[in-house]
Amino acid sequence: MFKKNQKYIYIFFGIFIAIVVIQYLLPKPVNWSRTYMSKDKSPFGCYAIYNLIEGVYANKFTLSNQTLYSINDKAPENTSVLIINDNVDLNKNDMRSMFELLHHGNNVFIAATHFDGLLADTFHLRTRFAMFNYMTSIDSLINRPGEKIRFTAKNLSKKSYSYTQIANVSGFENFDSTSFKIHAVLPDSKACLISTVVGKGKLYLMSVPDVFGNYFVVNHDNKGFAYTCLSMIKNKEMYWDEYYKSFNVKSGSPIKFILESDTLYAAYLLLFFTLLFYMIFEGRRRQRAIPVKEPVTNTTLEFVNVITHVYYNSKNHQSIATERIKYFYETVRKKFNVSTNDINDVFCTEISDLSGIEFKKVKQLFSYCERLKQAVEISEYDLVELNRQISNFNKNSLR
């Protein structure tokens, strides 16, 4: 099947390779997903700030893909844990481990637009976006002025950091003001960076994680805000969290690898629909058309018909009658297993019994046959009568 369609296979592979090359050469669209991953170079990845920390904000810097419980088991004193994500929801074990870290003199810095679960319930946290932007293009959000953030410290309060509406800016609508100290606020005086002392350590909560994104760190006027936030938790050792990231999906499946690449995904769709198209239109079994042949004619009957007409048209009725009687006697011998040498009353009686035909009609038929055999010349009427009587006998005979 494939040998007969090689040209289609070559065309398909040619198109497949062309699409892969074109997709590879085309500029990749910008990924605006808020991953905050250390290896992500997209606008809201954290590749830039991650590679800046070691040697500047911590003598030792560790990437952690483990829970706070695991960090607590091996973290020495004077250690900081940095968690950046769009939403943070710690379970009971996470909260217990976090408090143990804090009591031992370590710092925990959590930046998220939403705080849920036990963390929000424990500190009465509730955040709210400063503004909502729906059905707006990315280009419009980049150029549209948004919120300004400033530190509350006297030496830093004069400078404000302006963020366009591409940044998700939320503020703390509610928190335990008796326990937390405000470090940065929005124009409406809502806090966006707060801290509290727990044991020997400090817990920092921030509601604008986008300030750590590559877009606002690399060659941006507001990178100083992120640097100042990190300087608050400067320690000998720092753990960068990757476990609590929303995009931390560990899967090595080939399908995931294909779907993550626009080029491979386009090639995968092309392959799928091409195979589907081929199965529908070319996959059915092919065979040559079966020729229509006329049934074989019985030439013997044609020959007999021709010979009969020759004899009949030549008026040779005696020869026809003789051949007809010979054939009839041959049939009688085979059917009734009798001899036709002596045609008498005994013979006729036996034939009558075997055939179920009256003795009178049987004797009349065989007497007529014997008479025609002895005749020198017979008429057309005699030939027709002979054929009629023989046909009636064959039709009415039981055998």
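Computed from the coordinates by the stated procedures, all read-outs in this text should not be read as laboratory data. Everything quoted here is computed from the prediction, not taken from an experiment. A quick note on method: Cβ atoms are made from the backbone with ideal geometry, for glycine too, and the neighbour counts reach across all protein chains shown.
Compute the length gained on full extension between Asn78 and Phe247: take 0.36 nm times their separation in residues and subtract their Cα-Cα distance, giving the result in nm to one decimal. Can you show the working numbers first?
Working: separation 169, 0.36 × 169 = 60.84 nm, distance 2.90 nm.
In short, 57.9 nm is gained.
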### Task
Given the peptides 388-397, 70-79, 32-41, arrange them by the average over their residues of other C-beta atoms within 10 Å, most packed first.
32-41, 70-79, 388-397
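Could you give the length gained on full extension between Ser162 and Phe129, defined as 0.36 nm per residue of separation minus the Cα-Cα distance, in nm? Walk me through the intermediate numbers first.
On the way: separation 33, 0.36 × 33 = 11.88 nm, distance 1.58 nm.
Working it through step by step, the gained length comes to 10.3 nm.
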### Query
With point charges of +1 on the Cβ of Lys and Arg and -1 on the Cβ of Asp and Glu, referenced to the Cα centre of the chain, which listed residue (Gly14, Ile351, Phe277) lies farthest in the positive direction of the dipole?
Gly14
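When DSSP beta bridges are limited to those with both residues in segment 47-246, what percentage is antiparallel, rounded to the nearest 5? Let's see the in-between values first.
Details: 21 of 45 bridges.
Bridges in segment 47-246 that DSSP calls antiparallel: roughly 45 percent.
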### Message
Residues of segment 222-246 with backbone nitrogen within less than 20 Å of a virtual label 7 Å along the Cα-to-Cβ line of Met95, please, listed as ranges.
### Response
244-245
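So for the chain: antiparallel DSSP bridges make up what percent, rounded to the nearest 5? Walk me through the numbers on the way to the answer.
Working: 21 of 45 bridges.
Antiparallel bridges: around 45 percent, rounded to the nearest 5.
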#### Entry: Listed peptides 365-371, 54-60 by packing density, highest first (mean Cβ within 10 Å)
365-371, 54-60
#### Entry: Principal axes of segment 299-396: Cα extent on each, largest first, Å
38, 32, 22
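Contour minus end-to-end for Ser367 and His104, with contour as 0.36 nm per residue of separation and end-to-end as the Cα-Cα distance? Mind showing how you got there, number by number?
Numbers: separation 263, 0.36 × 263 = 94.68 nm, distance 13.96 nm.
In short, 80.7 nm is gained.
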### Query
Over what distance in Å are the Cα centres of segment 93-118 and segment 155-216 separated?
16
### Query
So for the pair Arg333, Val30, with labels modelled 7 Å out along Cα→Cβ, what separation do we get in nm?
11.3
#### Entry: Of the trypsin sites (Lys or Arg not before Pro) in segment 184-236, those whose Cβ has at most 13 other Cβ within 10 Å and which sit in DSSP loop
Lys200
### Task
Would you please give the FRET efficiency between Val296 and Glu323, computed as 1/(1 + (r/R0)^6) with r the Cβ-Cβ distance and R0 = 25 Å, to the nearest 0.05?
0.40
#### Entry: In degrees, nearest ten, helix 345-355 long axis to first principal axis of the chain (Cα)
20
### Query
Can you give the charge dipole size of the chain about its Cα centre, rounded to the nearest 20 debye, using +1 on the beta carbon of Lys and Arg and -1 on the beta carbon of Asp and Glu?
680
## Note on the structure
Measuring from the longest principal axis of the C-alpha atoms of the chain, the long axis of helix 6-25 (C-alpha) lies at a number of degrees, nearest 10, equal to 10
#### Entry: Separation in nanometres of the label points that stand 7 Å from Cα toward Cβ, at Asn155 and Glu350
14.7
### Query
Taking Rh as the Kirkwood radius, which is the inverse of the mean 1/r over Cα pairs, what is the Rg/Rh value for the chain?
1.76
### Query
In whole Hz, what ³J(HN,Hα) sequence does segment 154-165 give by Karplus (6.51, -1.76, 1.60; θ = phi - 60°), x for Gly and Pro?
4, 6, 10, 5, 6, 9, 10, 10, 8, 10, 6, 6
### Task
Would you work out the relative contact order for the chain, in percent, from Cα pairs under 8 angstrom that are 6 or more residues apart?
17
### Query
Against the longest alpha carbon principal axis of the chain, how many degrees, from 0 to 90 and to the nearest 10, is the axis of helix 317-336 turned?
70
